[in-house]
Amino acid sequence: MSAPPQAPFAAHLAVNLAVYLRALREDVGVLYVPLARRPPGGELLDLPGAPGAPASLEAAVALGSLNRAIALGQFGVHAVRAPAAPERVAAEVARDA
């Protein structure tokens, strides 16, 4: 699940929806992927800083692996830290799709 970069309020909704979905179905993994510069996901989910992990979605895309950037946040929701340049990440993901 992701939030569009042009609607900051949608990021709050996306995080709350991720938490709600996880509460409804604990057997289903939920991954929150922010596509805005400063979405509330990292703060709301209290993402830990994993040693050696890429700092953001942008770094993970540059390395070619999202796996190392995923962290388990509060409420059992997995998430990735927000990119510094969401437009570049969106273009990279669209190019690879």
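Scanning segment 46-58 for residues that are buried (at least 18 other Cβ atoms within 10 Å of the Cβ) and at pLDDT 85 or above turns up nothing.
Sort out which residues of segment 25-44 are buried (at least 20 other Cβ atoms within 10 Å of the Cβ), within 10 Å of the chain's Cα centre (by Cα), at pLDDT 60 or above and not in a loop (DSSP other than H, G, I, E, B), and write them in order of number. Y32, V33, P34, listed by residue number. Here R68 meets each of (1) surrounded by 20 or more Cβ atoms within 10 Å (Cβ to Cβ); (2) modelled with pLDDT of 75 or more; (3) not aromatic (F, W, Y) with one exception, condition (1).
The values are calculated or read from the model by the stated rules, or taken from the named source; none is laboratory data. Predicted model only: the values in this text are computed from it and were never measured. Backbone-built Cβ (ideal geometry, glycine too); neighbour counts: all protein chains shown.
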